[in-house]
Amino acid sequence: MRVAIVHYWLVSMRGGEKVIEALCDMYPDADIFTLVYDESRVSEKIRKHKVTTSFLQRIPGAIKGYQSLLPLMPFALESFDLSGYDLIISSESGPAKGIIPSPQATHICYCHSPMRYLWDHYHFYRSNAGFASRLMLPVLAPLLRSWDVNTSLRVDRFIANSHHVSARIGKYYRRPATVLYPPVSVDDFTPAAATEDFYLCAGQLIPYKRIDLAVRAFTKMNRNLVIIGEGKEMESLKRLAGPTVTFLGRAPFSVLKEKLARCRALIFPGEEDFGIVPVEAMASGRPVIAYGSGGALETVVPSVSGMLFEEQSMEALIDAVHDFEDHEAAFRPDILRAHAAQFSLRNFTEGMQAIIDEELLARKPVSPRSNNRSAVAIQRLFEGQFPAPATETPQRVATTEPVTVHAPTF
């Protein structure tokens, strides 16, 4: 069986790329297709596979500015020749499912999210976009939405990374989706013997992550906050930050692991489709203070694995931090780690394999010789209702009476 893995772009190692790594373990001979590829910024596990890029790769500056090429992405995805593959697994968010599978192939889409910037986050993205994008999006977005919905029909089975995403797939694509949480390498994280007096934010520094709320809140409270990550908001966040906020930029895994284990709590102020970093914090024995929306509602259990605040505002975050500090001693690292274990790599791999096997079996072609008696009975029923034409054309009889054709009754 030839297997193709389609990912939107491979330019960093985040949650979506961790899913690709898990799929690479499941299918070590699979070929990978992606819009643009930065070999220096992905893991060795991914680099071992044959990676095919689209024509976007040849555009100067595409690796850093790939998001501005959104109007060309449908053409780039449909240019991939996947005619020789039996199983196609698309990792969808950016987009990826828009490839053209052969009629015989089974296409399973693991959906991290329908494209946010076209659907539920459209107005937020547009308001934070540059001048040219704000002008073009109202023209391009309806066309891209139509393409996005139409290409959902090319998928045989949708898998959603959370119930939150499953609901959005149902809303925008009118398709059901099986929920399977993404893999988290919980065994790579361990609690520290002691914590330190700082809170932590980790992730891309982009608008919808709402790191600005954490920067404002901790500057006002005069509490220590460490931020790990990079992105276009770095400079604007630094201008907001007071002396208690520290930016580490893009940090190696060893630093992230150490900070997760030693922080008082992880601050998670954005709405995410799932959110892997909160589970990594729990695996490190540390609780999470999160905005109570999206995937956080499926990972953060109040008073067990963290705290939730209901309003995405600086004031609500400050109240949540104060509430957490009043109950900080009640959070136990062993309980947090046990909670994180349900999101393990093993659970993802076993669940993914079961879904793939089920879909392959359902689409297995049936031999003509295996027709059962019911099929034969249906054929005979049709033969009785619609007899084969006579070898000689009967003489036409003129009549003025209306002719009624009775459809077969089942």
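A short reminder: the numbers here are calculations on the coordinates, not readings from a lab. What you see is a predicted model; the values in this text were computed from it and never measured. For neighbour counting, all protein chains shown are included, and Cβ atoms are generated from backbone atoms with ideal geometry for every residue, glycine included.
Quick look at the values:
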{"read-out": "Where labels lie 7 Å past Cα in the beta-carbon direction, separation of residue 334 and residue 122 in nm", "value": "5.2"}
{"read-out": "Percent RCO, i.e. relative contact order, over the chain, from Cα pairs under 8 Å lying at least 6 residues apart", "value": "12"}
{"read-out": "Euclidean distance between Cα centres, the stretch 14-34 to the stretch 113-165, Å", "value": "24"}
{"read-out": "Counting DSSP beta bridges with both ends in the chain, the antiparallel % (nearest 5)", "value": "0"}
{"read-out": "Folded to 0 to 90 degrees: helix 163-173 orientation relative to the chain principal axis, Cα", "value": "40"}
{"read-out": "20 Å binning of all Cα-Cα separations within the chain, expressed as whole percents from 0 upward", "value": "23, 49, 18, 7, 2, 0"}
{"read-out": "26 Å Cα-Cα reach of residue 364 towards lysines, excluding residues that sit fewer than 8 places from it in its own chain", "value": "97"}
{"read-out": "The stretch 166-214, Cα convex hull volume normalised per residue, Å³", "value": "148"}
{"read-out": "222 nm mean residue ellipticity, helices alone, for the chain (DSSP H n ≥ 4; -39,500 (n - 2.57); rounded to 500)", "value": "-11000 deg cm²/dmol"}
{"read-out": "Cross-link reach list, aspartates and glutamates versus residue 238, counting only Cα pairs under 14 Å and skipping chain neighbours closer than eight places", "value": "212, 230"}
{"read-out": "Prolate/oblate/rounded label for the stretch 83-152 (Cα gyration tensor, a/c 1.5)", "value": "prolate"}
{"read-out": "Contour minus Cα-Cα distance for residue 135 and residue 79 (0.36 nm per residue)", "value": "17.4 nm"}
{"read-out": "Shape of the stretch 48-87, Cα gyration tensor, a/c cut at 1.5", "value": "oblate"}
{"read-out": "Percent of Cα pairs exceeding the 30 Å cut-off, where the set is the stretch 186-343", "value": "5"}
{"read-out": "For the stretch 177-188, 3J(HN,Hα) per residue [Karplus equation, 6.51 cos²θ - 1.76 cosθ + 1.60, θ = phi - 60°, Hz, x = Gly/Pro]", "value": "9, 7, 8, 9, 5, x, x, 10, 7, 4, 6, 7"}
{"read-out": "Residue 179 long-range amide H proximity, modeled H, under 5 Å", "value": "160"}
{"read-out": "Tilt relative to the chain, helix 373-385 - C-alpha long axis, 0 to 90 degrees, to 10", "value": "50"}
{"read-out": "Under-5 Å amide H pairs with residue 306, H placed in peptide plane, nonlocal only", "value": "288, 301"}
{"read-out": "Coil-residue trypsin sites (Lys or Arg not before Pro) of the stretch 16-48, DSSP, other Cβ within 10 Å capped at 16", "value": "48"}
{"read-out": "The stretch 186-343, dipole about Cα centre (Lys/Arg Cβ +1, Asp/Glu Cβ -1), debye to the nearest 20", "value": "540"}
{"read-out": "Cα gyration tensor shape of the stretch 1-84, rounded if a/c is under 1.5, else prolate or oblate by comparing a/b with b/c", "value": "oblate"}
{"read-out": "In Hz, Karplus ³J(HN,Hα) per residue of the stretch 302-318 (6.51, -1.76, 1.60; θ = phi - 60°; x = Gly, Pro)", "value": "x, 6, 10, 10, x, 10, 10, 10, 8, 10, 7, 9, 4, 5, 5, 5, 4"}
{"read-out": "Karplus 3J(HN,Hα) series, Hz, for the stretch 11-28 with 6.51 cos²θ - 1.76 cosθ + 1.60 (x for Gly, Pro)", "value": "10, 6, 10, 10, x, x, 6, 5, 5, 4, 4, 5, 5, 5, 5, 6, 10, x"}
{"read-out": "Neighbour cut-off at most 16 other Cβ (10 Å), DSSP loop, GluC sites (Glu not before Pro), the stretch 1-79", "value": "none"}
